[in-house]
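Structure first, commentary second.
The values are calculated or read from the model by the stated rules, or taken from the named source; none is laboratory data. Not measured: the values here are computed from a predicted model. Using ideal geometry, Cβ is built from the backbone for each residue, glycine included, and neighbour counts are taken over all protein chains shown. Accessible surface is based on the protein model in full, side chains and every heavy atom, while ligands, DNA and RNA are left aside. Shrake-Rupley method; radii C 1.70, N 1.55, O 1.52, S 1.80 Å.
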Amino acid sequence: MSDSLGNFYVADSLTSTVRKIDPSGNVTTIISGYTPSALLVDTRNKSDTLYVVDYVNGQIKKYNGAASSITAQNATFTIIASNASTAGAGYAQGAVLNANLRAWGGLVIDEKGNIYLTDGNQIKKLTPPSNANAAYTLTTIAGDTQSGFSDGVCSNARFDGPEGMVLSASGNLYVADKNNHVIRKIDFSNNGCTVSTIAGTPKTAGYSGDCGAAQNAKLNRPTGVTIGNNNLYIADAGNHVIRYMHWSSQVISTIAGPVTASGSTPVSGYNENNGLAIGAQFNNPWRVTVDASGNVYITDAANRRIR
């Protein structure tokens, strides 16, 4: 996740820190002391406000000041949603308390400041207060508390372990539905809400389909999805590759990772392959993002690297 100045931010869960990588490649720890499971930077109007999910403490924290100015010494925040039963120091006015959220992740923000997040097997929306004394509201957008798979009207749809999400320019959400091995689209057009599958074969893990229709392909536990150059990139974690879906043709291909025959799982590992993306090795690539120049950045989780 990047800010308007080109700094990247990483939720480094295993070291209980949030790290900043500046455009020159310098890495600094700006937040520590809890387990961050997801973050987002609100770049609307270059505000660069940083939101972080504090997974263990069950909170969403909104940091004060622009993200680039936050240091380990001066980081201050307000809590805008929490599982805690009573308010305490650091809580924003009207914070959503007793939210009973689980395994939060996939944070994205829309033009109105609504924050979307994955919560167990559901997709939820956190709406900011209309004024300083108003309360945040938390609503379920799609999914059931039970795991499963079904498309259709959002209230009847089911997911199984949704992870990363991305919001398109048209305002629709795309979700990496990990345990269903597919990418889902939540369509808010025409004042409705429907869920459809745009890539992968539901409930069937595998590696196949390159150069063909994305809906006929097989993915393996996809965990990250992003939009760049008006196309869709997928962190196909269980296959240890990055997939690419061309928006207009809906054709899918592999753009980074081991060269492997269709139908067999690519082998995990670590290999730069002399700088060539095809043939390089990854180990559980978890998240993916694209910068303004079209460069793709990958959180190579088990290799503990950003590629």
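Taking the criterion of being at pLDDT below 90, under 25 Å from the mean Cα position of the chain (by Cα) and either closer than 24 Å to residue 163 by Cα or surrounded by 14 or more Cβ atoms within 10 Å (Cβ to Cβ) (or both), the residues of region 254-293 that qualify are 265, 291, 292. Against the list (1) touching a residue at least 40 places away in the same chain (Cβ under 8 Å); (2) within 19 Å of the chain's Cα centre (by Cα), the condition residue 244 fails is (1). The residue that is nearest to the chain's Cα centre (by Cα), among those in region 294-307 that are open to solvent by less than 60 Å² (accessible area, probe 1.4 Å) and without any contact (Cβ under 8 Å) to a residue 60 or more places away in the chain, is 300. Evaluating residue 235 against the criteria (1) open to solvent by 20 Å² or more (accessible area, probe 1.4 Å); (2) touching a residue at least 24 places away in the same chain (Cβ under 8 Å) leaves one unmet condition, (1). Just one of the listed residues (238, 263) is part of a helix (DSSP H, G or I) and more than 22 Å from residue 168 (Cβ to Cβ), and it is 238.
Taken over region 17-41, the criterion of being under 18 Å from the mean Cα position of the chain (by Cα) and open to solvent by less than 50 Å² (accessible area, probe 1.4 Å) is satisfied by 17, 18, 20, 35, 36, 37, 38, 39, 40, 41.
Residue 44 meets the conditions (1) farther than 25 Å from residue 119 by Cβ; (2) among the charged types (D, E, K, R); (3) surrounded by fewer than 20 Cβ atoms within 10 Å (Cβ to Cβ) in every case but one. The failed one is (1).
Restricting attention to region 207-226 and to residues that are under 20 Å from residue 301 (Cα atoms) and assigned to a strand (DSSP E or B), the residue that is farthest from the chain's Cα centre (by Cα) turns out to be 222. Against the criterion of being hydroxyl-bearing (Ser, Thr, Tyr), under 18 Å from residue 288 (Cβ atoms) and not in a loop (DSSP other than H, G, I, E, B), residue 254 qualifies. Might you check whether a residue that is on the phi > 0 side of the Ramachandran plot, open to solvent by 60 Å² or more (accessible area, probe 1.4 Å), basic (Lys, Arg) and in contact with a helix residue (DSSP H, G or I) (Cβ under 9 Å, 6 or more places away or on another chain) occurs anywhere in region 209-227? Within region 209-227 (the criterion being on the phi > 0 side of the Ramachandran plot, open to solvent by 60 Å² or more (accessible area, probe 1.4 Å), basic (Lys, Arg) and in contact with a helix residue (DSSP H, G or I) (Cβ under 9 Å, 6 or more places away or on another chain)), the answer is yes, since at least one residue qualifies.
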